[in-house]
1. Rank these for me by crowding, Ile31, Ile9, going from fewest to most other beta carbons within 10 Å.
2. Where q = 0.21 Å⁻¹, what log10 of I(q)/I(0) comes from the Debye formula for the chain, counting one point per Cα?
3. I'd like to know which of Ile49, Ser69, Tyr83 lies farthest towards the positive end of the charge dipole of the chain, counting +1 on Cβ of Lys and Arg and -1 on Cβ of Asp and Glu.
4. Counting other Cβ atoms within 10 Å, keep those with at most 16, restrict to DSSP loop, and tell me which trypsin sites (Lys or Arg not before Pro) in the range 31-76 are left.
5. What size of dipole, in debye to the nearest 20, comes out for the range 9-54 about its Cα centre when the only charges are +1 on Lys and Arg C-beta atoms and -1 on Asp and Glu C-beta atoms?
6. Could you please rank Asp37, Asp74, placing first whichever residue has the fewest other Cβ atoms within 10 Å of its Cβ?
7. Any idea how far apart Ala6 and Ala94 come out in nm if each label point goes 7 Å out from Cα toward Cβ?
8. Between Gln41 and Thr75, what is the label-point separation in nm under the 7 Å Cα-to-beta-carbon projection?
Amino acid sequence: MTFSKAKIIHSFSFATGSEDFNFFVVTNLSIDLYKVDVTHQRARIFKNIPLELPNNLDPVILVDPVSCSLVAVDTKTGQCYPYFMHMHREGNSAVKGV
């Protein structure tokens, strides 16, 4: 896996609770959902979800791989931005939790 446009990899983890993906990577640009086949040692990208955060925000990312959710926290303002990756079939606005 390569992330040539990303400046920061905030988090990555295997995930449970979804048949569509079992691994995700959170960069400063997006959340990438992968289907990893451990037996054949290959990963296929399943979906790319843009990480839509205010400009100049360097968030703290908190991840819960069991519920396939994450929260981006702006430590300066206390603002939280939740993302629910298991909602990917409902569209990006459902994932973002708006």
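Bear in mind that the values in this text are calculations on the coordinates, not laboratory data. Treat the numbers as computed from the prediction; the structure is a model and nothing was measured. Cβ atoms come from the backbone with ideal geometry, glycine included; neighbour counts cover every protein chain shown.
1. Placing the least packed residue first, the sequence is Ile9, Ile31.
2. For the chain, the Cα-only Debye profile gives -1.09.
3. Ile49
4. Lys76
5. Using only the charged Cβ atoms, the result is roughly 140 debye.
6. On the way: Asp37 11, Asp74 15.
Least crowded to most crowded, the residues run Asp37, Asp74.
7. Spacing of the two 7 Å Cα→Cβ label points: 2.5 nm.
8. Distance between label points: 3.7 nm.
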